[in-house]
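The values are calculated or read from the model by the stated rules, or taken from the named source; none is laboratory data. Remember, it's a predicted structure, so these values are computed and weren't measured experimentally. Here Cβ is always computed from backbone atoms with ideal geometry, including for glycine, and neighbour counts include all displayed protein chains.
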Amino acid sequence: MKLSLEDRFLQIFVYTVLIILALVSLYPFWNALVISLNSGIDTSLGGLTLWPRQLTFDNYKVILSDPRFFKALGISALRTVSGTAASIFFTAMLAYGLSRRDTVGRKYYMVIAIFTMYFSGGLIPTYLWLRELGLFNNFWVLFVPWTISVWNMIVFRTFFQELPKELEESAMLDGCNHYGLFFRIIVRLSGPVIATLSLFQAVFFWNEWFSSGIYINNANLLPVQNYLMNMINSNSAQEMISQLGAAGGVGDMISSTITPKSLQMTALMVVSLPIILVYPFVQKFFVKGVMVGSLKE
């Protein structure tokens, strides 16, 4: 179909705006990548924009040789996997119960759940509550308080309500109970919504740093985001450079080419990379899949 002049102009305008927005969004990330791959001393001279002038991997060698980084990375990975699995499992079960019309008091429970979205107990009461539960300075505190997501529960509940009732009736006629119906049928048909919400939860658990900074004092339990925060907001980067200089030899040579800013940008890139790599594998689930199957009438 041949486009009119107005349609062509509109199409060009829309594409131009989208390209500009994409460039504005990607430039900070690209700039951090360029700084991480460039000599820190050269970066401090200014004028660095689109590509490294003095390509070096010394910044990455320093970050990847720090045992604290890998320990924090392991904590974040375990937190993300455990927290996402627990959140999706319990939230989906809660949503399934609230999606059924024969659930006694389901409207009452929905009101209570939605109420917590707008009103919380506050930071200090939550702190005292978690301490009384023995979760303070404990790995469980990194994900247990966020096991149930009300927003995700509403999404699950809406999705479950859209599933054909004939599936439930057919399963019940075949002798399936509610647990079998949920795990054998509902869960298998919920692949797109499970994958999408799993990605949202994984991003949350990977990026969240505030609670661990409050409830965790043990450095061995801090996730990688707190490692990054310490690198940016404290003298951690400068201390690493000083230690390299004091070591002499190769370490002294590396310390002469890096700066705190170059280490900070490198840590930012390394911390961001895992969650970026996961996205392409679940992107296809963002569009709701077509349900195919046999129904008993």
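Values as computed for the structure displayed
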item: Residue in segment 248-278 that is modelled with the highest pLDDT, counting only those that are polar (S, T, N, Q) and not in a helix (DSSP H, G or I); result: THR259
item: Options LYS107, LYS61; residue that is closer than 30 Å to GLU166 by Cα and not in a loop (DSSP other than H, G, I, E, B); result: LYS107
item: Qualifying position, being within 30 Å of SER212 (Cα to Cα) and free of Cβ contacts under 8 Å to residues at least 60 places away in the same chain, among THR103, THR126, THR147, THR158; result: THR126
item: Only listed residue being under 24 Å from ASN207 (Cα atoms) and either buried (at least 18 other Cβ atoms within 10 Å of the Cβ) or among the basic types (Lys, Arg) (or both), chosen from ILE154, ILE88; result: ILE88
item: ARG53, sole failed condition from (1) of a type in the set (D, E, K, R); (2) free of Cβ contacts under 8 Å to residues at least 24 places away in the same chain; (3) within 25 Å of PRO274 (Cβ to Cβ); result: (3)
item: Subset tally (residues that are under 28 Å from the mean Cα position of the chain (by Cα) and among the small types (Gly, Ala, Ser)) for segment 1-55; result: 4
item: Single match in MET231, MET172 (criterion: hydrophobic (A, V, I, L, M, F, W, C), under 20 Å from TYR60 (Cβ atoms) and either modelled with pLDDT of 80 or more or in a helix (DSSP H, G or I) (or both)); result: MET231
